[in-house]
Amino acid sequence: MEDKKEIKCKCPYCDASIEEKESPICQVCKIRIIRCVECGNLVSSNIEKCPKCGAQV
Ligand SMILES: [Zn+2]
Ligand SMILES: [Zn+2]
């Protein structure tokens, strides 16, 4: 049987898997990742707009 790895989110910049916590941080990019409330896209916390849907994040 395969282990079920709970990869809940990936860094949108380097594709590293990130454990979903209150403040997920990509250990590779050293950036904080947030989830867009509109589309659920994962974006860096230092941008102002979601690149996918344009909503403010
Ligand atoms: Zn990353
Ligand atoms: Zn979005």
Check your understanding: According to a simple spin-label model (label point 7 Å from Cα along Cα-to-Cβ), what is the distance in nm between K30 and I47?
Key -> 2.1
Point to revise | Sparsely packed GluC sites (Glu not before Pro) within the stretch 18-57, loop by DSSP, other Cβ within 10 Å at most 11 | key: E19, E22, E48
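Computed from the coordinates by the stated procedures, all read-outs in this text should not be read as laboratory data. Here the structure is a predicted model, which is why all the values come from computation and not from measurement. Positions of Cβ are backbone-derived with ideal geometry, glycine not excepted, and every protein chain shown enters the neighbour counts.
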